[in-house]
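Below: one structure, written as structure tokens.
The values are calculated or read from the model by the stated rules, or taken from the named source; none is laboratory data. Just so it is clear, the structure is predicted and the values come from calculations on it, not from any experiment. Every residue, glycine among them, receives a Cβ derived from its backbone with ideal geometry; neighbour counts consider all protein chains shown. Accessible surface is based on the protein model in full, side chains and every heavy atom, while ligands, DNA and RNA are left aside. Shrake-Rupley method; radii C 1.70, N 1.55, O 1.52, S 1.80 Å.
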Amino acid sequence: MVYWHIVPSVKTLDDALAACDKALSLDAKNATFYALKARVLLARKEYSLAINANEKAISLNPTLAVALCGLGDSLAYEGRYDEALKFFDQAINLSPNDPQLWAFLTYGALALLFQEKFNEALEWTIRASNIPNYQYWTTAHKLVAHAYLDNQADIEITKAKLLQECPNFSCSFARQKLFFLKKQSQVDLYIKGLQLAGIQEGQFPPTKP
């Protein structure tokens, strides 16, 4: 629902949570299962429960980078940005070759955008975009940072790159994909950045050609 062209739905989130609970009923000491449950809880906007699940995962495996990243996310969406960045840094430092390193950097960049630290957010997206398996949200966050910094030449280059990576990207698309954000101010800041960059409103789900 976050990364691909799938409409967010309550049923999918309910099924995902049930799957996590089933897994934990079979192995209650599996740190990865707690980290996965935390991701589902985060998507459900149940940030406090997500924080608890990530902390449980970390207590079971202190070097589980994905849980540290997840804890950073959960704190960021609560508006606890400085705390969040510490956990993103820990995730990156603990697992510098992690398959999800681009995501650690990209989620960190999003927290920095919400904190209106646009230069730092841009630096994190640049680091993420140098990792071969990065995903289009990295480019979208980079575009928002450029927009707020009024880097006109970079805006046009990055916008073209984003629409190449995700041709259906629009403000409406982004608004629906940010369904996991509870604070309207965070959504508004992000969408305003896209609008400043010239991203059109569009619709979601996109019409078929």
Subset of region 34-50 that is of a type outside the set (D, E, K, R) and open to solvent by 60 Å² or more (accessible area, probe 1.4 Å) - its residue that is nearest to Leu68 (Cα to Cα): Leu36
Residue selected from region 177-201 under the condition within 13 Å of the chain's Cα centre (by Cα) and not charged (D, E, K, R), by the criterion most open to solvent (accessible area, probe 1.4 Å): Phe179
Residue in region 82-94 that is small (Gly, Ala, Ser) and over 21 Å from Val144 (Cβ atoms) present: yes
Answer residue from region 54-82, given it is of a type in the set (A, V, I, L, M) and open to solvent by 10 Å² or more (accessible area, probe 1.4 Å) and is nearest to Gln176 (Cα to Cα) among those: Val66
Where Trp4 falls short, out of the listed (1) in a loop (DSSP other than H, G, I, E, B); (2) touching a Leu at 6+ places or on another chain (Cβ under 8 Å); (3) under 22 Å from Trp102 (Cα atoms): (2)
Residues (in a helix (DSSP H, G or I), open to solvent by 40 Å² or more (accessible area, probe 1.4 Å) and in contact with a helix residue (DSSP H, G or I) (Cβ under 9 Å, 6 or more places away or on another chain)) located in region 13-33: Ala19, Asp21, Leu26, Thr32, Phe33
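Quick grid of which residues meet (1) crowded, with 16+ Cβ neighbours inside 10 Å; (2) out of contact with any Gly (no Cβ under 8 Å at 6 or more places or on another chain); (3) closer than 28 Å to Leu49 by Cβ:
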site: Ala84; (1), (2), (3): yes, no, yes
site: Asn93; (1), (2), (3): no, yes, yes
site: Gly108; (1), (2), (3): yes, no, yes
site: Leu112; (1), (2), (3): yes, yes, yes
site: Ala121; (1), (2), (3): yes, yes, yes
site: Asn130; (1), (2), (3): no, yes, no
site: Tyr134; (1), (2), (3): yes, yes, no
site: Ala140; (1), (2), (3): yes, yes, yes
site: Ile155; (1), (2), (3): yes, no, no
Residue check for Val144: surrounded by fewer than 18 Cβ atoms within 10 Å (Cβ to Cβ), of a type in the set (Val, Ile, Thr), under 24 Å from Asp82 (Cβ atoms) and at pLDDT 95 or above: no
Lone qualifier among Leu143, Leu101 - being farther than 25 Å from Tyr47 by Cα and among the aliphatic types (A, V, I, L, M): Leu143
